[in-house]
Amino acid sequence: MVESSTHSPHFIANNLALDFINSAFGTGDESHDCLTDDASVVAWLKAAGELSEDFETVPAGLAELAKALRETAARMVEAVKAGQPSDPALVNQLLEAGRQVKGLVWDEAKAGFLLIEHRRDHSAASLLEPVATALVTLLSGNDLQHVRQCEAHDCTLLFLDTTKSHRRRWCSMALCGNRMKVATFRSRKHAD
């Protein structure tokens, strides 16, 4: 098996938690992990739009916590889809330790108060809290029934099928759809 850490992440799942699970992926004998160290987790969060491009703080232990969350998230999605319980301890810990701070600020232009929310701090838990929140929303809502794994026999990616008919088969046409259609065409051609 060939393993790579320099591959760009895929944001094709229509859900932050699933995209986070998909940060470790592969087709065939190749596997890729976008979360290899603390800085790569920050880079992934920036690419996902959860951190600003000028964010520079890289907390120690972020990659270890991110990988634990990714494994927990994958296990929980699989378990809940099968109607089985799964231990939410890590997710609950991140929700509590990383929960955003809310407060009122006066807005001169509106001559009224605004509710603002901001990250508690730059800890690993605060940085990963949006992923944990997205997972909670997915697991506790109706969307979970539309979570699918790509039908390509060698693809590991998950996605939330948001199509009207809920008949999406591939993680994306560019990654697997065209590849599988070409393989089907070739196998039919060889059969003739």
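The values are calculated or read from the model by the stated rules, or taken from the named source; none is laboratory data. Note that this is a predicted model, so its numbers are computed, not measured. With ideal geometry, Cβ positions are generated from the backbone for all residues, glycine too; neighbour counts draw on all protein chains shown.
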What is the residue count in region 42-59 for residues that are touching a residue at least 60 places away in the same chain (Cβ under 8 Å) and either exposed (fewer than 14 other Cβ atoms within 10 Å of the Cβ) or β-branched (Val, Ile, Thr) (or both)?
-> 2
Tabulated pairs, region 76-88, first under 9 Å from Leu139 (Cβ atoms), second in a loop (DSSP other than H, G, I, E, B) and modelled with pLDDT of 95 or more, C-beta under 6 angstrom, 6+ apart or interchain = Met76/Ser86
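Residue-by-condition table, conditions (1) β-branched (Val, Ile, Thr); (2) touching a strand residue (DSSP E or B) at 6+ places or on another chain (Cβ under 7 Å); (3) within 27 Å of Leu69 (Cβ to Cβ):
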site	(1), (2), (3)
Val91	yes, no, yes
Arg99	no, no, yes
Lys102	no, yes, yes
Ala109	no, no, no
Leu114	no, yes, no
His118	no, yes, yes
Ala124	no, no, yes
Glu129	no, no, yes
Leu135	no, no, yes
